[in-house]
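Heads up: the structure comes next, in structure tokens.
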Amino acid sequence: MKREDIIVPEGEIARQRDFQENVRAMFAARGAHPLARVETFGCQQNVADGQRIMGMLEAMGFAFTEDAGEADLVLLNTCAIREHAEQRVFGNLGILTHSKKENPEQVIVLCGCMAAEERVARRVKESYRHVDLVFGPQALWRFPELLWQVYETKKRVFSAAGERGCIAEGLPVVRERGVKAWVSIMYGCDNFCSYCIVPYVRGRERSREPAAVLAEVRELVEAGYKDITLLGQNVNSYENGRDYRFPDLLEDIDRIPGDYWLRFMSSHPKDATPRLFDVMAKGRHVAKQLHLPFQSGNNRVLEEMNRRYTREKYLELIRYARSVMPGLVLTSDVIIGFPGETEAEALDTVSLVEEVGFDALFTFLYSPRPGTKAAEMPDPVPKEEKQKWFDHLLEVQNGRSAVIHAGYAGRRVRVLVDGESGDEAYPLSSRTEGNRLVRLRGDKSLVGRFLEVKITGSNTWALYGEPV
Ligand code: 5AD
Ligand code: SF4
């Protein structure tokens, strides 16, 4: 597809601003001050999308509330990655029949990845008749138009399934105040890992123009954000023509002056290159931290997963990354219980975990996603058996995390204080360059500052410290 066909023309974005204005004027004419409740599930990409949705709602005159009961609009920005995430959303939708009964004018919106699944849209259409608007991630930029349609026609609106993926610049945004910011640099996924729903719900890969990304990061740094994460389903598949790839973008962003850390996620090993690690190593702002999902330590399972690398290739990447970045903080995602996986194969995953020594691991039990290739594969191992393998892996990893964390004892490290912790003895929460959590003694006036701290204690999940 040609680039011009992917980037939403400015005229279209201006049209959406007109719809925003229509909604704002409608409430203003009634003398109303509308409230919205926005709830986001799932990954950071979805969080970033949620911030754009809030930006559009704010432009429509909405303020925000946590209480669905008093909201004029309730929006669930959903995740489809595992069955559990979907069940939670259907549960929440069920509960919303009550607030809608109390307030029949309330508008209920379902968006995000689940909303892009035809199966889900059909179920909502038939069985959740209090839902007014359903649209997937590809239609995000048309939210003002779709919402206006609901208000104008008083009918339920379902955006067409299979809406084409594009890139919309200049959408308004409501960010968390202060310290951390997310910047989407590419959207969609072309990898079709056999277990994964993402390529079906977020469409084909497309990358933003470097100039647009650079301008956004510059603005964030100038506004005082200190921890900036570049996002994409496969962030390191970013490419703007054959000669400008993710390491080039990272290098260019790193040149932006200021006091900040630069991170990125999630990366795919197939697109991780020595050049990427060299750029990371050299970068002044690039945090020496890498989230590189490996999913399985067994080559047969990796092949069935369509991951396009081997255990050996993965280990080689890690070896190189560590050779140029000693002390690199490493995390990963792994799936236990892929269809047909045997106990011996699951143990290969455990042995890879032991061999690498990850600082932390995100472990998942396989969850079949209708429409994916893996969901059609024979899956004879009972859940209880998979759970045992899973618990064993977790135990190994927790032990490892505890040992790595204990190694910080007595060390001085630089942290960024990112908020309050709710723990009386250690009231501040902060992060190391490697994104490890440090609970801190100190006053909340320190939030938003880089500090030198001394590590005084640790457990599996966190470090404890005090400013020096
Ligand atoms: N079942 C279990 N885990 C999954 N993931 C993606 N799809 C599935 C699935 N069907 C995990 C992968 C991915 C992370 C975001 O979620 O480990 O990296
Ligand atoms: Fe969930 Fe994947 Fe969608 Fe993120 S992209 S919200 S993890 S389904």
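List of remarks:
- Rounded tilt (10° steps) of 311-324 against the dominant C-alpha axis of the chain: 80 degrees
- Kirkwood-type radius of the range 274-368, with distances r between different C-alpha atoms, in Å: 14.0 Å
- Crossing angle, helix 44-59 versus the chain [Cα axis fit, 0-90 degrees, rounded to tens]: 30 degrees
- In the range 180-265, the chymotrypsin sites (Phe, Trp or Tyr not before Pro) that fall in loop regions by DSSP, at most 13 other Cβ within 10 Å: Phe192
- Given R0 = 30 Å, the distance between the Cβ atoms of Asp443 and Ala409 translates into a calculated FRET efficiency of 0.80.
- To the nearest ten degrees, helix 383-406 and the longest principal axis of the Cα atoms of the chain are 60 degrees apart.
- By other beta-carbon atoms within 10 Å, ranking Met305, Met114, Met377 with the fewest at the front produces Met377, Met305, Met114.
- Dimensions in Å of the range 354-436 - Rg and Dmax from alpha carbons: 18.6, 52
- Loop-located trypsin sites (Lys or Arg not before Pro) in the range 1-52 (DSSP state other than H, G, I, E, B) with a sparse environment of at most 14 neighbouring Cβ atoms within 10 Å: Lys2, Arg30.
- Three-way shape call for the range 186-231 based on the alpha-carbon gyration tensor, with the a/c threshold at 1.5: prolate
- Length gained on full extension, Glu395 to Arg284: 36.4 nm, using 0.36 nm per residue less the C-alpha separation.
- Neighbourhood net charge (14 Å Cβ-Cβ; Lys/Arg +1, Asp/Glu -1) for Glu316: +3
- The residues Trp389, Trp461, when put in order of fewest to most other Cβ atoms within 10 Å, stand as Trp461, Trp389.
- Placing +1 on each Lys and Arg Cβ and -1 on each Asp and Glu Cβ, with no other charges, gives the range 38-100 a dipole about its Cα centre of roughly 200 debye.
- Value of relative contact order over the range 331-468, rounded to a whole percent, pairs C-alpha under 8 Å and six or more apart: 20 percent
- Test item: Cα-centred dipole of the range 212-286, Lys/Arg +1 and Asp/Glu -1 on Cβ, debye: 220 debye
- Within the range 279-336, trypsin sites (Lys or Arg not before Pro) in DSSP loop having at most 11 other beta-carbon neighbours inside 10 Å: Arg284
- Contact order normalised by residue count of the chain, Cα under 8 Å, 6+ apart, percent: 10 percent
- Of the residues His291, Trp389, Gly258, the one whose Cα sits farthest towards the positive end of the charge dipole of the chain is Gly258 (charges of +1 on Lys and Arg Cβ, -1 on Asp and Glu Cβ, taken about the Cα centre).
- Residues Thr273 and Ala402, FRET efficiency given R0 of 30 Å [Cβ-Cβ distance, rounded to 0.05]: 0.40
- Hypothetical label at Glu152: residues of the range 8-42 whose amide nitrogen lies under 20 Å (7 Å Cα-Cβ projection): 9-30
- Compactness ratio for the chain: Cα radius of gyration over 2.2 N^0.38 Å (N = residue count) comes to 1.01.
Rule-based calculations on the coordinates, nothing more; no lab input. Note that this is a predicted model, so its numbers are computed, not measured. Note that we place each Cβ from the backbone using ideal geometry, even for glycine, and neighbour counts take in every protein chain shown.
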